[in-house]
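Shown next, in structure tokens, is the structure this report addresses.
The values are calculated or read from the model by the stated rules, or taken from the named source; none is laboratory data. Quick caveat, the model's predicted, so the values are computed rather than measured. Cβ coordinates were reconstructed from backbone atoms using ideal geometry, including for glycine residues, and neighbour counts include every protein chain displayed.
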Amino acid sequence: MRLRHLRLHALLGVLALLSWGLVRLTVTEEGGVLVVPPHSPDYFSVGYRKWEMGENGLLKNQLTADRMTHYSDDGTTHLDKPLMIFHNETAPSWVIHAEAGILSADGKDLQLNGKVKVERAAGKGVRPLLINTSNARVKPETHYAETDEWAELISPPNRTVGVGMKLVFEQPVHLQLLSKVQGKYETK
């Protein structure tokens with residue numbers, strides 16, 4: 001009986017040593033070092049949609065994109081074909097399209113890259129407006145946009161162009177072209 005116990009203990013000891021050796025030879029995800037490349041995405045979404053409500057419970061603005069990718073190292077959100085709509089209770093909404101965009105970690109700055117189109121439909125007491133430009137910076141919280149690039153303002157039948165633009169698209173709307181301003185205006 002002692003010999004049986006001795007064999008059993010020896011067998012268990014050998015199995016324990018083999019198990020320990022196999023664990024040392026095998027690299028596990030838990031024990032191994034996981035190297036994350038700098039500026040790598042931590043999550044993404046295809047068909048991204050975000051709505052923000054105002055204090056009154058009405059839709060304040062919405063942001064959609066074909067694809068959204070979030071990066072954990074700097075907290076930025078990269079957007080493919082972003083579309084931002086700023087709703088207004090008393091006037092037509094402002095719609096901003098771009099080829100690409102980067103939203104800051106705090107959500108206060110939206111850098112729109114490539115071609116940018118800003119539109120406002122006609123409404124009571126306001127004419128339609130189309131702005132073509134590129135590489136614009138938008139501050140969603142304060143309803144403000146600006147660019148240092150060429151900008152074209154079309155409000156039929158009038159057309160104005162210039163370099164650099166500042167736009168506040170909350171009532172009262174304020175639009176300013178900064179330099180090299182030229183226009184074509186039709187009078188009645």
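Odds and ends about this structure:
- Selection within region 137-174 - among the hydroxyl-bearing types (S, T, Y) and closer than 14 Å to K117 by Cα: T147, S155
- Scan of region 123-182 for residues that are under 15 Å from A91 (Cα atoms) and in a strand (DSSP E or B), ordered by number: G123, V126, L129, V168, H174
- Long-range neighbours under 9 Å by Cβ, at least six apart or interchain, first residue under 19 Å from T142 (Cα atoms) within region 63-86, second surrounded by 21 or more Cβ atoms within 10 Å (Cβ to Cβ) and among the β-branched types (V, I, T): P82/I96; L83/I96; M84/I96; M84/V138; I85/I96; F86/I96
- Residue check for V14: assigned to a loop (DSSP other than H, G, I, E, B) and at pLDDT below 85: no
- Restricted to region 153-175, and to residues there that are under 25 Å from L63 (Cβ atoms) and exposed (fewer than 15 other Cβ atoms within 10 Å of the Cβ), the residue that is modelled with the highest pLDDT is K166.
- Within region 115-134, considering residues that are within 11 Å of M165 (Cβ to Cβ) and touching a Leu at 6+ places or on another chain (Cβ under 8 Å), the one surrounded by the fewest Cβ atoms within 10 Å (Cβ to Cβ): I131
- Annotation note: of L112, L63, the sole residue that is at pLDDT 85 or above, in contact with a strand residue (DSSP E or B) (Cβ under 6 Å, 6 or more places away or on another chain), over 21 Å from L175 (Cβ atoms) and buried (at least 18 other Cβ atoms within 10 Å of the Cβ) is L63.
- Residue within region 77-93 that is in contact with a Pro (Cβ under 8 Å, 6 or more places away or on another chain) and surrounded by fewer than 16 Cβ atoms within 10 Å (Cβ to Cβ) present: no
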